[in-house]
Amino acid sequence: RQRVATAQASAQKVLDPVFAIQVDPGDTVYDVISTYARRINALVNVTVDKYLQVWRPNYARKPAYKFRNVAGGKDNNVLRYQMHNELRGKYTQVEAVGNQVGYEGQQDPNNPNATKKRGAIYHPDLLPFLRRLTFSDGQMFAKGLAQKAAEWRYKRELFGSWYATYVVEGHHQNGVWYEADQICDVEDDDLGLSGNFYVAACDYAVSKTDGDTTTVTIRLPGLLTAAFGVLPNAPTVKSLSKETINGKVQETRP
């Protein structure tokens, strides 16, 4: 991943050079960690017991909790509820624009934007009117990357535009503690919600009047990702080396 093979081949030295990963002045440890986490499409967090956590949301899991707010339902377990839904973060068209690095195919010398790489995603049914977001990213040097970046931005903006909160009794459900990064099953007649949702946060409280309660924040599933896929590894550079065996020079390929 550090292009070690390429550097070794170009250096043509007997001793292998040392490639150090370090924090330079002005950088933080998180800057380095998040950069490498992005390469493997992973999220970074710190647990309550101070451990570094690197993970990817799994939306295909079986729901860990059930929240019911149904008229006349015997399994209702919601004390209070609230839903937040805003226009900000919802777009019917998102377009990413990047610059090409180096030469790649025929270019039009009369077009100043010939090196631009564009990717767009369209969701005209999301809103009753057109709402467009166009952004630039210098790392999107290929059309395929720009397309993925546009989809990632669309999902990330949508993830932050909607959430619902439920206040429930206790700090666990059937022995399973309430915690973030879980899937829950919701049936709510008042808010009009039905199906699986992503548990984004859990806040615990203890009071004399209400006892132990937990405020669970849910968001739309399938939207939270660190980037837009695992970046490919650097290509392995193969070279020829010669060695003498029984007085004969032979070529070997590592």
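The values are calculated or read from the model by the stated rules, or taken from the named source; none is laboratory data. All values derive from a computational prediction rather than experimental measurement. Reconstructed Cβ throughout: ideal geometry from the backbone, glycine too, with neighbour counts over all protein chains shown. With ligands, DNA and RNA removed, areas are computed over all heavy atoms of the protein, side chains included. Shrake-Rupley method; radii C 1.70, N 1.55, O 1.52, S 1.80 Å.
How many residues are surrounded by 12 or more Cβ atoms within 10 Å (Cβ to Cβ) and small (Gly, Ala, Ser) if we restrict to region 187-205? Break it down into steps so the answer makes sense when it comes.
Filtering region 187-205 down to residues surrounded by 12 or more Cβ atoms within 10 Å (Cβ to Cβ) leaves 187-189, 191, 193-194, 196-205.
Filter once more, keeping what is small (Gly, Ala, Ser): 194, 200-201, 205.
Adding up the residues that qualify gives 4.
I'm trying to understand the selection: among the residues of region 146-166, which are open to solvent by 30 Å² or more (accessible area, probe 1.4 Å) and farther than 26 Å from Ala201 by Cα?
Restricting attention to region 146-166, the residues satisfying the condition of being open to solvent by 30 Å² or more (accessible area, probe 1.4 Å) are 147-148, 151-153, 155-157, 160, 163.
Listed by number, the residues that qualify are Gln147, Lys148.
On the given criteria, is Arg132 over 20 Å from Thr225 (Cβ atoms), in contact with an Asp or Glu (Cβ under 7 Å, 6 or more places away or on another chain) and open to solvent by 70 Å² or more (accessible area, probe 1.4 Å)? Give the steps one after another, and end with the answer.
Working: over 20 Å from Thr225 (Cβ atoms): yes; in contact with an Asp or Glu (Cβ under 7 Å, 6 or more places away or on another chain): no; open to solvent by 70 Å² or more (accessible area, probe 1.4 Å): yes.
In short, no.
Looking at (1) in a loop (DSSP other than H, G, I, E, B); (2) at pLDDT 95 or above, which is the only condition Lys238 fails?
So Lys238 meets the others, but not (2).
In the set Lys208, Lys143, which member is loosely packed, with under 12 Cβ neighbours inside 10 Å, at pLDDT below 95 and either in contact with a helix residue (DSSP H, G or I) (Cβ under 9 Å, 6 or more places away or on another chain) or not hydroxyl-bearing (Ser, Thr, Tyr) (or both)? Please lay out each step first, then the result.
On the way: Lys143 fails: loosely packed, with under 12 Cβ neighbours inside 10 Å.
One residue alone meets the criteria, Lys208.
Could you identify the single residue in Glu86, Glu95, Glu169 that is out of contact with any helix residue (DSSP H, G or I) (no Cβ under 9 Å at 6 or more places or on another chain) and either open to solvent by 30 Å² or more (accessible area, probe 1.4 Å) or of a type in the set (Phe, Trp, Tyr) (or both)?
Details: Glu86 fails: out of contact with any helix residue (DSSP H, G or I) (no Cβ under 9 Å at 6 or more places or on another chain); Glu95 fails: out of contact with any helix residue (DSSP H, G or I) (no Cβ under 9 Å at 6 or more places or on another chain).
Being out of contact with any helix residue (DSSP H, G or I) (no Cβ under 9 Å at 6 or more places or on another chain) and either open to solvent by 30 Å² or more (accessible area, probe 1.4 Å) or of a type in the set (Phe, Trp, Tyr) (or both) holds for just one of Glu86, Glu95, Glu169, which is Glu169.
Quick one: in region 57-71, which of the residues that are open to solvent by 80 Å² or more (accessible area, probe 1.4 Å) and part of a loop (DSSP other than H, G, I, E, B) is farthest from Glu187 (Cα to Cα)? Full working, then the answer.
As a first pass, look at region 57-71 and keep what is open to solvent by 80 Å² or more (accessible area, probe 1.4 Å): 60, 62, 66, 71.
From what's left, part of a loop (DSSP other than H, G, I, E, B): 60, 62, 71.
Values: Ala60: 19, Lys62: 16, Ala71: 10 Å.
So, considering only residues that are open to solvent by 80 Å² or more (accessible area, probe 1.4 Å) and part of a loop (DSSP other than H, G, I, E, B), the one farthest from Glu187 (Cα to Cα) is Ala60.
Please pick out the residue among Gly98, Gly89 that is within 23 Å of Val216 (Cα to Cα) and of a type in the set (Gly, Ala, Ser). Step through it out loud before you land on a result.
On the way: Gly98 fails: within 23 Å of Val216 (Cα to Cα).
Sole residue among the options that is within 23 Å of Val216 (Cα to Cα) and of a type in the set (Gly, Ala, Ser): Gly89.
Taking Lys13, is it farther than 23 Å from Gly229 by Cβ, open to solvent by 60 Å² or more (accessible area, probe 1.4 Å) and modelled with pLDDT of 85 or more?
On the way: farther than 23 Å from Gly229 by Cβ: yes; open to solvent by 60 Å² or more (accessible area, probe 1.4 Å): yes; modelled with pLDDT of 85 or more: no.
It is false that Lys13 is farther than 23 Å from Gly229 by Cβ, open to solvent by 60 Å² or more (accessible area, probe 1.4 Å) and modelled with pLDDT of 85 or more.
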